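Everything below concerns the one structure shown next.
The values are calculated or read from the model by the stated rules, or taken from the named source; none is laboratory data. Quick caveat, the model's predicted, so the values are computed rather than measured. Glycine also receives a Cβ, built like all others from the backbone with ideal geometry; neighbour counts cover every protein chain displayed. Just the protein is used for accessible areas: all its heavy atoms, side chains included, with ligands, DNA and RNA removed. Shrake-Rupley method; radii C 1.70, N 1.55, O 1.52, S 1.80 Å.
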Amino acid sequence: MSKEYDAYIREHRENVEKGFRWMVEHFRKNLEEIGMGELEWLIAHHDHSKENQEEYTAYDDYFYGGNRSFAVVRDFNFAWLHHIHNNPHHWQHWVLINDGPENGTVGLDMPAKYIIEMICDWWSFSWKTGNLFEIFNWYEKHKDYMILSNQTRIFVEIYLAMMKSILEEEK
């Protein structure tokens, strides 16, 4: 077990919590409509699968092991696949790859509670750097790559716009 990886997990969860608390402060009514109890549970248990054997060692080796050998990268890829399949706050969890080319790859609608957790997850890196606006540039850079349903994309972009507006007012 790596102290560095343990510290990263702890700090990441703390920053997800900070983002969520900020959202509760500014969007309480909206979040209550989504389900405050469920949201609080999700945030409190955010990324717990990273502590499971299926993920922990592979993540630790990949990010803190000092090498990116074939085996380390392969093990990390399987751990990442396990992570997105067991954590519905990742947009990749909601991508359906159909058997037939006529149906292609489809982004399914994400439930609102997971979208909020996903935004807090993305925003955690802004809280780490202290630049709370960083999430907006990150999203602009990555949005065209993400396979999101129209409904999910609209929800994400509305919340990001509301967040940005409040942050600009608070400057």
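A compact table of results
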{"quantity": "Of residues in the stretch 1-45 being under 23 Å from Gly130 (Cβ atoms) and among the hydroxyl-bearing types (Ser, Thr, Tyr), the one least open to solvent (accessible area, probe 1.4 Å)", "calculated": "Tyr5"}
{"quantity": "Condition met for Asp61 (farther than 25 Å from Lys3 by Cβ and not small (Gly, Ala, Ser))", "calculated": "no"}
{"quantity": "Whichever residue in the stretch 59-118 is acidic (Asp, Glu) and at pLDDT below 95 and, among such residues, is nearest to His48 (Cα to Cα)", "calculated": "Asp99"}
{"quantity": "Every pair of residues 6+ apart whose Cβ atoms lie under 6 Å, when the first sits in the stretch 55-66 and is surrounded by 17 or more Cβ atoms within 10 Å (Cβ to Cβ) while the second is assigned to a loop (DSSP other than H, G, I, E, B)", "calculated": "Asp60/Ser2"}
{"quantity": "Conditions (1) without any contact (Cβ under 8 Å) to a residue 40 or more places away in the chain; (2) within 18 Å of the chain's Cα centre (by Cα); number of the one not met by Asp121", "calculated": "(1)"}
